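Notes follow once the structure below has been shown.
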Amino acid sequence: MKRKDIDLKNLEFRKTVISNRELAGSFGKYNRALEHISSLDDWFETWVAGKPWDVPVELDESGVPKRFYFQITEPIPDWVGLVIGDIIHNLRCSLDHLAVAASRKNGNNERDVYFPINAQEEKFLKDGLPKLRKCSKSFIEFVKELKPYKGGNEVLYDLHQLDIIDKHRMLVPVGAIAKIRFRANAGNYGPIDFSKSQEFVEVRAKNEFAALKDGDTLLSFENTTWFPENTEVETEISLSLSFGVETHLFGRIVSSVLHNSLKEVYELLSEAERRFFSE
């Protein structure tokens, strides 16, 4: 089922005193991820509200605008990538804490126990499930139902892969231009005559992504627009952060991936608590 993006401000997530001490580690890690993602969302809203961009115009020899560019004037701070990594790692760790709690509940220790997430179903059944051998059969069946592998539960698989990447290098986001629209008091954009229409027109970039960490990065638009000299142009810009080329999620919106992971882990922990730790 395709999940919608999560609006944290309109949902009730567990952020209370943890009453079930058996799952203190799992919900503690989850709570920490929630704190980080709320802070990240707040920073992003403030950053965008400050309009950290410029739209330089390239003029032809006669001084007529012929091409627009997009430029980030306030680069993303380095700590943003670190916070993204912390969110991912805390969510992934919460699942391992759950597996350990299930092992202890079954009268065993936590040695060589962790929550398996694999690249293939065959590998999950062969190598992943044995990591839960100290847990009860019912808990093992519960994990099997989740299908934590590529082609099964893609949210859990993405979370696992991002955690692996973050162990070796910082997850530096890049910027996706979700929408750039403009209107002018004269000129033409394809079949649209701006002298007759003041509607905003969306423009598509030649290259879909531009690195936001580099303040001098320019992203050019298709050269299909013509404006007379001294034309006043108004732009309407929407920004979002997306993952970079070092991940299998290149171009995916960071907030969407993180919010979906948060929701998935929350529902998983809550269901596990209800089934196995409610006594």
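Every read-out reported here was derived from the displayed coordinates using simple, explicitly stated rules and does not represent laboratory data. As the structure is a prediction and not an experimental result, all values here were calculated from the model. Cβ: placed from backbone, ideal geometry, glycine included. Neighbour counts: every protein chain shown.
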Spelling it out for Glu110: with amide H atoms placed in the peptide plane at 1.01 Å from N, the residues 5 or more places away or on another chain with amide H under 5 Å from its amide H are none
Placing each pseudo-label 7 Å from Cα in the direction of the beta carbon, Glu141 and Asp112 end up separated by a distance in nanometres of 2.5 nm
Surpassing 27 Å at the alpha-carbon level, of the pairs Lys147/Lys263; Lys105/Lys150; Lys131/Lys167, are Lys105/Lys150
Sorted on mean Cβ neighbours within 10 Å (highest first), peptides 143-156, 44-57 come out as 143-156, 44-57
Extension length gain for Ser238 and Ser195 (0.36 nm per residue less Cα distance), in nm, is 13.0 nm
If amide H atoms are modeled at 1.01 Å from N in the peptide plane, then the residues at a separation of 5 or more from Asn118, or on another chain, having amide H under 5 Å from its own are Tyr149, Lys150
Rounded to the nearest 0.05, FRET efficiency between Asn20 and Glu74 (Cβ-Cβ, R0 41 Å) equals 0.40
Placing each pseudo-label 7 Å from Cα in the direction of the beta carbon, Ala119 and Thr46 end up separated by a distance in nanometres of 4.0 nm
